[in-house]
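Chemist: Have a look at the structure that comes next, please.
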Amino acid sequence: MALMRWVSTVVVIGAIAGGVYYYTTHNGAPESASQSARTRNGGFGGPVSVIAKNAETTDVPVYLEGVGSIKALNTATIRAQVDGRLLSVNFKEGQDVKRGDVLAKIDPATYQAQLDQAVAKKALDEALLANTKRDLERYQKVGTLAISQQQIDTQTALMKQQEAQIKSDVAAIENAQAILGYTTIVAPFDGRTGIRLVDEGNLVHANDTAGIVVITQVQPITALFTLPQQQLPTLTKAIEAGPLTATALSTDSQTELDVGSLKVIDNQVDQQTGTIRLKAEFPNEKRQLWPGQFVNVRLLVDTLKGVTVVATEAVQRGPDGTYVFVVDSDNKVSMRPVEVSRQDDKWAVIADGVTPGEKVVTSGFARLKEGSTVSISDGTSAPGSQKPRPDKSADGKKSASANGTDPSAQAPTEAALVTGSTTNERKHHSHHRDNGASP
């Protein structure tokens, strides 16, 4: 019995060993060959799919960009200058008004009566003055034979007193007219009314702080913004050549709201923040700018003429500095060190290393290395849509990597339309990779 168990064990072990040998000889070798093919071809069975664009020669504008807020050119809180009942409100909320337009009226009855009193007082004093003048003329005709010199002098002084009184009456009338005029409230300048702060029929007072309405002038309009003090030499040099063009942008710097010009550079630097304030003015014809709105303001300070540029996403960073992948006529790439003189979200200005017309890779860096063969797309379709040929094993079956696509070969996102230097350092796109090198 022991001999039979031993023989059975030997038979089972032999069967297992035979199965392993058969599986290895029929499946393992083709898989190893497929892996070798993938290794020779950069990890997949074909060229690396990338997006590439030509280096170009163009004029690149240089900008300085700062954050600020919109401020109305003129703002006025319309308040009552006299006490009284508000008879009427002659504007609609949000209405455009012109200088001199009637906004509201206060009951004028009391102030009209005061004016009438002043006019009557003047008439009374004028009548007294006329009588005094006639008496003086009589005294002067008869002379000192009938009256004393003292009476003549007294009459002369009385006449001058009454003349002064009439001047006081004239001033009182003008004051009463001015006060009466305050009962009609008019717009001090062209602007736009806000929300009404008091309703018709209410009593208003000269010392009311809330007012009746706030008027703001929004056409034109100004923007107050700041730039670092380090940009002051660039600003002063640029402004010597003429007014600087200012562009108001949305807070994400993607939407252009209006174009105007720089008006004022403040006369001192804020020592607490190390910044200098500037004011730009915009026509605001489309009313895209509103008082209190936060905006980015971009100043055009220079234009680089005829420089070589590549897409910003083409520039990679490694231990030895910046470089790009240049595609030759045989669709092979080479790593080319470059010197970048200026860079923003869209363009990188190349001072040395690339010539106009050379094709540089802008996307699909994951499997690139020196000498890799590439399949080029112009960026209109994702490079991953060009599927590589499938590897087949010795038995005609597709390898596991044949149906895969390059996950890193995705079309780049559209860069922001900002060119030139800005106040805050633009970070390099985080999705740019440098083929394994540390940034």
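The values are calculated or read from the model by the stated rules, or taken from the named source; none is laboratory data. Keep in mind it's a predicted model, so treat the numbers as computed, not measured. Using ideal geometry, Cβ is built from the backbone for each residue, glycine included, and neighbour counts are taken over all protein chains shown. Areas reflect the complete protein model, heavy atoms only, side chains present, ligands, DNA and RNA absent. Shrake-Rupley method; radii C 1.70, N 1.55, O 1.52, S 1.80 Å.
Chemist: Bin width 10 Å, alpha-carbon pairs only: give the P(r) of the stretch 137-176 as whole percents, running from 0 to the bin holding the largest distance.
Modeler: 29, 32, 21, 14, 4
Chemist: Also: Place the peptides 257-269, 356-368 in order of packing, highest mean first, counting for every residue the other Cβ atoms within 10 Å and averaging per peptide. Please report the intermediate quantities before stating the final value.
Modeler: On the way: 257-269: 15.2, 356-368: 20.7.
Going by the mean number of other Cβ atoms within 10 Å, highest first, we get 356-368, 257-269.
Chemist: Grab every C-alpha pair in the stretch 39-154, bin the distances at 5 angstrom width from 0 up to the longest one, and report whole percents.
Modeler: Values per bin, smallest distances first: 2, 6, 7, 7, 6, 5, 5, 5, 5, 5, 5, 5, 5, 5, 4, 3, 3, 3, 2, 2, 2, 2, 1, 1, 1, 1, 1, 1, 0.
Chemist: OK, next. Could you tell me what fraction of 2.2 N^0.38 Å the Cα radius of gyration of the stretch 226-301 comes to, as a two-decimal ratio? Walk me through the numbers before you get to the answer.
Modeler: Values: Rg = 12.8 Å, N = 76, 2.2 N^0.38 = 11.4 Å.
Cα-based Rg divided by the globular estimate yields 1.12.
Chemist: Let me ask something else about it. For the stretch 313-383 and the stretch 102-123, what is the centre-to-centre distance using only Cα atoms, to the nearest Å?
Modeler: With the stretch 313-383 and the stretch 102-123 each reduced to a Cα centre, they are spaced 83 Å.
Chemist: Quick one: which of Lys105/Lys160; Lys53/Lys286; Lys305/Lys359 span more than 29 angstrom between C-alpha atoms?
Modeler: Values: Lys105/Lys160 41 Å; Lys53/Lys286 37 Å; Lys305/Lys359 21 Å.
Pairs exceeding the cut-off: Lys105/Lys160; Lys53/Lys286.
Chemist: All other residues with a Cβ under 13 Å from the Cβ of Lys122 taken together, and with Lys, Arg as +1 and Asp, Glu as -1, what is their net charge?
Modeler: Numbers: positive: Lys121, Lys167; negative: Asp116, Asp125, Glu126, Glu163, Asp169, Glu174.
Taking every other residue near Lys122 into account, the sum is -4.
Chemist: Calculate, for Thr156 and Ala178, the FRET efficiency according to 1/(1 + (r/R0)^6) with r their C-beta to C-beta distance and R0 35 Å; round to the nearest 0.05. Walk me through the numbers on the way to the answer.
Modeler: On the way: r = 34 Å, r/R0 = 0.97.
The computed FRET efficiency comes out at 0.55.
Chemist: Quick check on packing: order 197-209, 176-188 by the mean number of other C-beta atoms within 10 Å, highest mean leading. Each step should come with its number before you reach the end.
Modeler: Working: 197-209: 12.6, 176-188: 17.1.
Descending mean neighbour count gives 176-188, 197-209.
Chemist: Right, another one. Going by Cα centres, the stretch 140-175 and the stretch 230-266 are how many Å apart?
Modeler: If we compute the Cα centre of each part, the gap is 69 Å.
Chemist: Within 10 Å, count the other beta carbons around each residue, average over each peptide in 105-113, 47-55, and list them highest first.
Modeler: Working: 105-113: 16.2, 47-55: 22.2.
So the order, starting with the most tightly packed, is 47-55, 105-113.
Chemist: Give me the accessible area per residue for the stretch 221-363, probe 1.4 Å, as a whole number in Å².
Modeler: Working: 7300 Å² over 143 residues.
Here the residues of the stretch 221-363 average 51 Å² of exposed surface.
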